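So the structure is just underneath, and the comments pick up after that.
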Amino acid sequence: MSKIVRVRFHPHGKVYNFDSGHFVLSQGDKVIVETEQGMAFGTVVSPPQPRSPKLMIHPLKPVYRLATAEDIEQAKMLAEKEQEAFRFCQECIQKRQLPMHLVRVESLFDGSKMVFYFTAAKRVDFRELVRDLVQHFRTRIELRQIGVRHQAKMIGGLGNCGRPFCCSTFLQDFAPVSVRMAKEQNLSLNPGKISGSCGRLMCCLTYEYQTYLDLKAGFPKVGKAVTLPQGEGKIIRQNVINRTVIVELRDGQEIEVAVDEVLAHNPNIATQPSCPRAGTRGKTWEEADAEHLELTEALAELEKPE
């Protein structure tokens, strides 16, 4: 049976799936793999695993061979060339006063192409810059504009928590992040507290978001009027961890009441849905989780190298 091996081309970069073929590989091995842009030098990040028979119809690029000492030396020379290209491109950008910020330079393993990643507030006319680079390096040149999230992933650094960026350590893909995630977790909506070093909403807002939705299932909604032994009032806040709600009575007094007690005295009150995942209405949690897991595994199998 065909086996899958996961390979990474750059430190903290995205991991791609390849067909390991007849090679016996271990984590940390250096390999030469076939990609859509030609041969590439990469590092094995996990041992080969059996491939799911259901997804055998989707072919994977093969591992061409194990890297030799010459390949490793060539990779080091390319790294030095990339540093030189970065310095030269910076000088050209300053000379031509272009409104762009160079982030990284990457070269194909065979040296046939160099990719310059940059950020900019708007579109930049870099045709003259490309001419300078082509004349100096005598190879194909590509300038690729990226977003600030990808810039943070490439450069790295420390987040508000004091730890290295998630995106530059273990996070491979960027999931959509919204202010609603902070609201559902009762976090401060101060931009300075929920934004990362890149200036965008922190990726970690997604980590516990679904858990909060799960825990809130069956909670009475904020703003709903309730009747309690202490009097009438309305729900103004929720405490998901303690399974309580804060009720403001008509006289302005605020009391904390258990969710079960509120539901016992107000059986007809509207509550939050019991299965809040998008597209899972009418399904049990077990069915929704199984479908989500199957989809995730299928997408991972279908990943294709650049």
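The values are calculated or read from the model by the stated rules, or taken from the named source; none is laboratory data. Quantities reported herein were computed from a predicted structural model and do not represent experimental measurements. Note that each Cβ is placed from the backbone with ideal geometry, even for glycine, and that neighbours are counted across all protein chains shown.
Worth pointing out:
- When residues of the stretch 213-268 are limited to those that are touching a helix residue (DSSP H, G or I) at 6+ places or on another chain (Cβ under 7 Å) and among the hydrophobic types (A, V, I, L, M, F, W, C), the one surrounded by the most Cβ atoms within 10 Å (Cβ to Cβ): V245
- Set F18, F109, F9: member being buried (at least 18 other Cβ atoms within 10 Å of the Cβ), closer than 30 Å to R127 by Cα and not assigned by TED's automatic domain parsing to the domain that holds T139: F9
- Tabulated pairs, the stretch 111-129, first farther than 16 Å from A152 by Cβ and free of Cβ contacts under 8 Å to residues at least 60 places away in the same chain, second small (G, A, S) and part of a strand (DSSP E or B), C-beta under 6 angstrom, 6+ apart or interchain: M114/S107
- Residue within the stretch 46-65 that is modelled with pLDDT under 90, in contact with a strand residue (DSSP E or B) (Cβ under 8 Å, 6 or more places away or on another chain) and either closer than 25 Å to H150 by Cα or outside the structural domain of G21 (by TED's automatic domain parsing) (or both) present: yes
Condition check ((1) aliphatic (A, V, I, L, M); (2) modelled with pLDDT under 90; (3) in a loop (DSSP other than H, G, I, E, B); (4) not assigned by TED's automatic domain parsing to the domain that holds I155) across all residues:
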position: S168; (1), (2), (3), (4): no, yes, yes, no
position: L171; (1), (2), (3), (4): yes, yes, yes, no
position: F174; (1), (2), (3), (4): no, yes, yes, no
position: R180; (1), (2), (3), (4): no, yes, no, no
position: K183; (1), (2), (3), (4): no, yes, no, no
position: S188; (1), (2), (3), (4): no, yes, yes, no
position: G192; (1), (2), (3), (4): no, yes, no, no
position: C198; (1), (2), (3), (4): no, yes, yes, no
position: C204; (1), (2), (3), (4): no, no, no, no
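- Some residue of the stretch 133-145 being touching a residue at least 60 places away in the same chain (Cβ under 8 Å), in a loop (DSSP other than H, G, I, E, B) and either surrounded by 14 or more Cβ atoms within 10 Å (Cβ to Cβ) or on the phi < 0 side of the Ramachandran plot (or both): no
- Any hit, the stretch 89-99, residues being free of Cβ contacts under 8 Å to residues at least 40 places away in the same chain, surrounded by 14 or more Cβ atoms within 10 Å (Cβ to Cβ) and of a type in the set (A, V, I, L, M): yes
- Scanning the stretch 114-132 for residues that are modelled with pLDDT of 90 or more and either surrounded by 13 or more Cβ atoms within 10 Å (Cβ to Cβ) or closer than 30 Å to D71 by Cβ (or both) turns up M114, V115, F116, Y117, F118, T119, A120, F126, L129, V130, D132.
- Residues in the stretch 1-37 that are more than 21 Å from E73 (Cα to Cα) and aliphatic (A, V, I, L, M): M1, I4, V5, V15, V24.
- Residue ID - modelled with the lowest pLDDT, chosen from residues in the stretch 2-40 that are closer than 18 Å to S112 by Cβ and small (G, A, S): G38
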